[in-house]
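This report refers to the structure that appears directly beneath it.
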Amino acid sequence: GMALSFCLQAQENIPHLQKKGTATQLVVEQKPVLIIGGELGNSSASSAHDIETHFPKLQQMGLNTVLVPAYWDMIEPEEGKFDFSLLDTTIDQARKNDLKIVFLWFGAWKNSMSCYAPLWFKKDYKKYPRAYSKAGKPMEIASSFSQNVLNADQKAFAEVMKHIASVDSKQGTVIMMQVENEIGMLEGARDYSKEANTAFNAQVPETLIKFLINNKKELHSSLSEKWGKQGFKTKGNWQEIFGNDLYTDELFTAWSYAQYVEKLAKTSKSIYHIPLYVNAAMNSRNRQPGEYPAGGPLAHLIDIWHAAAPSIDMLSPDLYDGNFADWVSKYRLHNNPLFVPEVKMTANNGVQAFYAFGEHDAIGYSPFSIENNSEAGSKRLAEAYSKLKQLIPVLTKYQGQGWSKGLLFDQTNSERKISFDDLTITARHFFSLPWDPRAKDGSVWPEGGGIILRLAKDEYLIAGSGMVVEFEKLNEKKEIQAKDLGEDGFAAQGGKIQTQNQWTGGKRVGIGPVDEIRIDENGNFIPIRRLNGDQTHQGRHIRIGVDEFAILHVRLYEYQ
Ligand code: N0T
C-alpha cells in the first residue's frame, strides 16, 4: 500500500495532461496551469551568459514559462560524449527566476534542415545519409528513412531525457518537450533516396489503412476526398491508394516523419513521462508541398500524424501570418488540444493570448524571439500576462463546460454575440464607441478582445483590452419601429394592436455592481475599484480601453 501510493504520488507530481469536460489541462505541481509563455530566438540560449541575461527580463515580462532550444550539436559535440551544462544552467536560472521550461529538441531536423546535427554526424554522410531531391541532389537534410539517423538522434534525445529526469523529476521545472522543430521536406514533397523510393513503391502500411478505416467519418475532408477519389482502396502502394500527385508524396513524407518521431516519443516517455508535442510551419501563402515544409503536422495531415505518432500529445501550429482565429480553430480539435508554441511578436500578443485561452482552452501561448521584445511591447505584454496569470485558477476551475468565450476584434470583425440561456451578450471593439475620435479618423484599430467567463446566471468575469460589452434578454422586445407598422399606422402583435414606440417586452437585464479586481493565488477576488457612472456609460455597458488590460467582475439583475 505505502509503496504503491508513494509511487502514484510521485507520478502525479510529474507534469501531465488531464481531461476536464471538453478541455485538456496541463497539470504542474498538481495544479492545472496555463503556459503564459515566450520562445527564445534560435541562438539566444547558446551560452550561460545569454540565459542569465534574458531570464530575469522574461520574468519581468510576466512569463511563467520559457521555450528554450536544446541543441544536439552542443549537447553531443563528440559522438557518445554528452555535455548538459547549458541545460543545467537553464534549469537553474529558471528556478531562480520562478519560470518553467519547455525544451525544444533541435535534433535531426530544425525547419527541415539538419543544421543542429553535430559535425561528426554531418561529416559521416555514408553512415548518416541525406535526403535526395528528385533530380538526385543530396540535401542538408538527414534522411528519415535511415535507421542510423534515427538511432543517433534517438540516443541523444534519450540521454537528454535521462538527464532531465535525474536533475528535475522532484522539482518539475521542465514541464514539456518539443520533438524536433518544424519538421518537413523542402525542395520537393518527398525524399528520393533509394530507401525512400522503395518504401514509396511498397504497400501502404496496415496501421495506416486500419486507422483510415476506423476513423473514416472523422478524417480531414481533403484526406477523405483524396482517398475516396481512388475508391477507398485498402491495398496498394501510395499512388494506388491516394493517387499520383504531390499531395500523395506529402502524405508519404508525413507518415515517415511521424513514425520516426513516434520512436523518439516512446523512448522519451519510457524514461520520463512528461507531455510531448510537435510544432508545424503553416502553408501560409497557398504554396505547393515542398515549397512549404511538406509533411509536418499541418492541419490537413493531422490524421496521418495521429495514426503514426500516438505518443505525441499535441500537434501545434506556429503562426506568423495573421488570421490568428482561423489558424487556431484548425488545431483545437476533440483529439488535439491547442498549444501555440510560436506566434509572431506584435503589439497585441496579449489580446491573442486572452482569446486562445478564453475561446479554445489553450494549453499555452508563446510569442517567438521573446527576448527581443521592445520596451513598449514588453510593458504591454507584461500587463496582459499579469492579468492572465491571475486568471489561471479561475479559468482552469470553470474550464470544459462551455462557460468561457474568447473575443478577438479588429476593424473588419468588430462584433460578436454570445448567448447563455436567455441572456444575449453583445461584445464589440472599443472603437465602435461613436465618441472615440480614433474610431473614425483613419487610425488603425489595434486588435481588441479578451475573455467572457460565466460564473453564474447573473455573474460574469470580463477581462482583456479594447472592448465594450452590453447585455440583453433574448425575449426582450424593442419598441415597435415605424417600419413594423402597417399603412394604417398600427402593428398587430400577439393578437393586440400596437402603435409606434409602445413597449411590448418582458423582463430586462440590468447591470449591478461592476468591480475592477485582482485575483489572488487561491482564486479570491480582491476589489481594486468600483466602476460606475461615466465608466459604465451610466449603467449601459461594461468597457475596457485599448491601452489597458483589466479584469472586471460584473453582477447582473433582472427587472420588469
Ligand atoms: C520559426 C521561426 C524560427 C508569412 C522563424 C517560422 C523558429 C521556427 N519558423 O523565425 O526559425 O525556430 O520554428 C517559419 C514561418 C515563416 C514565416 C511566414 C510569414
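The values are calculated or read from the model by the stated rules, or taken from the named source; none is laboratory data. Every value quoted in this text rests on a predicted model; they were computed, and no experiment measured them. Cβ: placed from backbone, ideal geometry, glycine included. Neighbour counts: every protein chain shown. For the accessible areas, the whole protein counts, side chains as well, though only heavy atoms, and no ligand, DNA or RNA atoms are used. Shrake-Rupley method; radii C 1.70, N 1.55, O 1.52, S 1.80 Å.
Any idea which residue in region 58-98 is least open to solvent (accessible area, probe 1.4 Å), counting only those that are among the hydrophobic types (A, V, I, L, M, F, W, C) and free of Cβ contacts under 8 Å to residues at least 60 places away in the same chain? Break it down into steps so the answer makes sense when it comes.
At the first step, the residues of region 58-98 found to be among the hydrophobic types (A, V, I, L, M, F, W, C) are 58, 61, 63, 66-68, 70, 72, 74-75, 82, 84, 86-87, 91, 94.
With free of Cβ contacts under 8 Å to residues at least 60 places away in the same chain added as a condition, the list becomes 68, 74, 86.
Details: V68: 1, M74: 83, L86: 34 Å².
It comes out as V68.
Here D421 passes the criteria (1) buried (at least 18 other Cβ atoms within 10 Å of the Cβ); (2) touching a residue at least 24 places away in the same chain (Cβ under 8 Å); (3) assigned by TED's automatic domain parsing to the domain that holds G464 except the one numbered (1).
Annotation note: of M314, M345, the sole residue that is open to solvent by less than 10 Å² (accessible area, probe 1.4 Å), within 16 Å of the ligand (Cβ to nearest atom) and over 28 Å from F525 (Cα atoms) is M314.
Considering each residue of region 100-107 in turn, none proves to be more than 21 Å from E182 (Cβ to Cβ) and either in a loop (DSSP other than H, G, I, E, B) or within 16 Å of the ligand (Cβ to nearest atom) (or both). Here G38 meets each of (1) under 27 Å from S144 (Cα atoms); (2) under 21 Å from the mean Cα position of the chain (by Cα); (3) not acidic (D, E) with one exception, condition (1). Evaluate region 219-235: report whether one residue or more is in the same structural domain as D73 (by TED's automatic domain parsing) and more than 27 Å from the chain's Cα centre (by Cα). No: zero hits.
Of all residues in region 352-387, those satisfying the criterion of being out of contact with any Phe, Trp or Tyr (no Cβ under 7 Å at 6 or more places or on another chain), aliphatic (A, V, I, L, M) and crowded, with 21+ Cβ neighbours inside 10 Å are I370, L381. In region 23-43, the residues that are on the phi < 0 side of the Ramachandran plot reach residues that are small (G, A, S) and more than 16 Å from the ligand (Cβ to nearest atom) with C-beta atoms within less than 7 angstrom, at least six apart or across chains, in these pairs: A23/G400; V28/G172; I36/G62.
With respect to S114, is the statement that it is crowded, with 18+ Cβ neighbours inside 10 Å and free of Cβ contacts under 8 Å to residues at least 40 places away in the same chain true? Steps first, please.
Details: crowded, with 18+ Cβ neighbours inside 10 Å: yes; free of Cβ contacts under 8 Å to residues at least 40 places away in the same chain: yes.
When the stated conditions are applied, S114 passes them.
Being away from the ligand (no atom under 13 Å from the Cβ) and touching a strand residue (DSSP E or B) at 6+ places or on another chain (Cβ under 6 Å) is true for just one of A94, A70. Which residue is that? Working first, answer last.
On the way: A70 fails: away from the ligand (no atom under 13 Å from the Cβ).
Criteria check complete, one pass: A94.
State which residue is farthest from D321 (Cα to Cα) when the search covers only region 256-296 and only residues that are within 16 Å of the ligand (Cβ to nearest atom) and basic (K, R). Going through the qualifying residues, I end up with R287. Being closer than 17 Å to G466 by Cα, touching a residue at least 60 places away in the same chain (Cβ under 8 Å), surrounded by fewer than 18 Cβ atoms within 10 Å (Cβ to Cβ) and in the same structural domain as N522 (by TED's automatic domain parsing): is that true of L453 here? No; evaluated as a whole, the condition is false for this residue. Quick one: would you say L119 is surrounded by fewer than 19 Cβ atoms within 10 Å (Cβ to Cβ) and farther than 27 Å from E250 by Cα? It is true that L119 is surrounded by fewer than 19 Cβ atoms within 10 Å (Cβ to Cβ) and farther than 27 Å from E250 by Cα. Only one of the numbered conditions (1) closer than 22 Å to M74 by Cβ; (2) out of contact with any Ser or Thr (no Cβ under 6 Å at 6 or more places or on another chain); (3) touching a residue at least 40 places away in the same chain (Cβ under 8 Å) is not met by A158, and that is (2).
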